[in-house]
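All of the numbers you see were taken from the coordinates with simple rules; none came from a lab. From a predicted model like this one, the values you see are computed outputs, not experimental measurements. Please note: Cβ atoms are built from the backbone with ideal geometry, for glycine as well, and neighbour counts cover all protein chains shown.
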């Protein structure tokens, strides 16, 4: 039986550096989000080719994460975690010294291996093991908040590094090297902060008599309804997260809000609200004894806001638009702070934490493969009318989340009535 573990100073410090590791892992693969034009110029790539690079990385969620989850549970998750972060860091430096599109194709495939096959499932397991099962909402909420804070820190410094150089290509090269050095330094710190399986057994955090992970364990987790409920929770929440980036051009192109004003709100929404509401969502999940309740109300709230925005007239007061955009951020990041705590709520054992994370990642982050292409096609084809299609899509996905949440409650009740049966046996 694992010991009760509350939050300590070390827990918060470890969460901060886990957040930094998460930010660094995604900084290089998504470098074009901050340095779009310099990326094009440095790699000699077209806009479509940049999309291909992101797609290659996104396939790591589908192909790499589930297998990585098996290995993280079967072997040493700490080793997988550190190797993943170190690998991404070295690839970033390697790309800096070989700036061309053809080489970038191989590097982004490497990012998928190091970031999504090695690091991500292990990251979820590391975070879950930082505290007991009664504090899972809180620990994942703070992990999400620190990931957002880490992104702000890393990208702000990267912008300063880039500004030192007159030549954009040299500046871009320096940014990639900076990402790599940050990752190496973070790897060293986490090596001393994160406990491996042996240390966790010593502390009684995990069972000493742990049975070896087999392929059958993967199938058990895959068949478990709770795994799919967790996957849909991430899918619905991540869809909202992807969609809110389109609210900025909607407010400028349709409602007539200025670009500067709308962009400033986007920064507050993406970083400020994320840092505050992610841990709030987690704390509320633990207080209510169910992170799914928090997700349910978040999806309902988001659906109401999106529906309201859809029917706003062009002469809507700016104050109303501001409130709605910020509310959208509140509901989205409240959900993001709790979405990875669902496996704990549906009683999937810690033994399967990384396997579950891999499968959930494959389901939940699958929008990366199609959503930006779909939304972009709608905007190219229908102009401003496309935003209504986007909003309708968001409402449908929110309702999918609501249905999944209701089924989760039913599943939990039936599971409670059949305590003692294997994780995959409850219907």
Taking springs between alpha-carbon atoms closer than 10 angstrom, which of 321, 27, 233 fluctuates most in the Gaussian network model of the chain?
321
Where the centre of each part is set by its Cα atoms, how far does the stretch 95-139 sit from the stretch 304-379, in angstrom?
20
Tell me what the chain gives for mean residue ellipticity at 222 nm when only DSSP H runs of n ≥ 4 count, each as -39,500 (n - 2.57), the sum divided by the residue total, rounded to 500 deg cm²/dmol.
-23500 deg cm²/dmol
Taking the Cα centroid of the stretch 13-28 and of the stretch 383-402, what is the distance between the two, rounded to the nearest whole Å?
31
Fewest to most neighbouring Cβ within 10 Å: what's the order for 336, 223, 347?
223, 347, 336
Mind running the shape call on the stretch 280-377? Use the C-alpha gyration tensor, a ≥ b ≥ c as the square roots of the eigenvalues: rounded below 1.5 for a/c, prolate if a/b tops b/c, oblate otherwise.
oblate
Neighbour-count ranking [beta-carbon atoms within 10 angstrom, fewest first] of 86, 80
86, 80
Top of 249, 38, 317 by mean-square fluctuation, Gaussian network on the chain, Cα under 10 Å
317
Matching label, Cα extents along the principal axes in Å computed from the structure shown, candidates (i) 59, 50, 37; (ii) 98, 53, 50; (iii) 70, 63, 38
(i)
Highest-MSF residue in the chain out of 287, 78, 173 [GNM, Cα springs under 10 Å]:
287
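Which of the peptides 398-405, 102-109, 192-199 is most tightly packed, and how do the rest follow, going by the mean number of other Cβ atoms within 10 Å of each residue? Don't skip to the end; give the middle numbers.
Numbers: 398-405: 20.4, 102-109: 17.2, 192-199: 14.5.
Packing order, densest peptide first, comes out as 398-405, 102-109, 192-199.
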Which of 17, 370 has the fewest Cβ neighbours within 10 Å, and the rest in rising order
370, 17
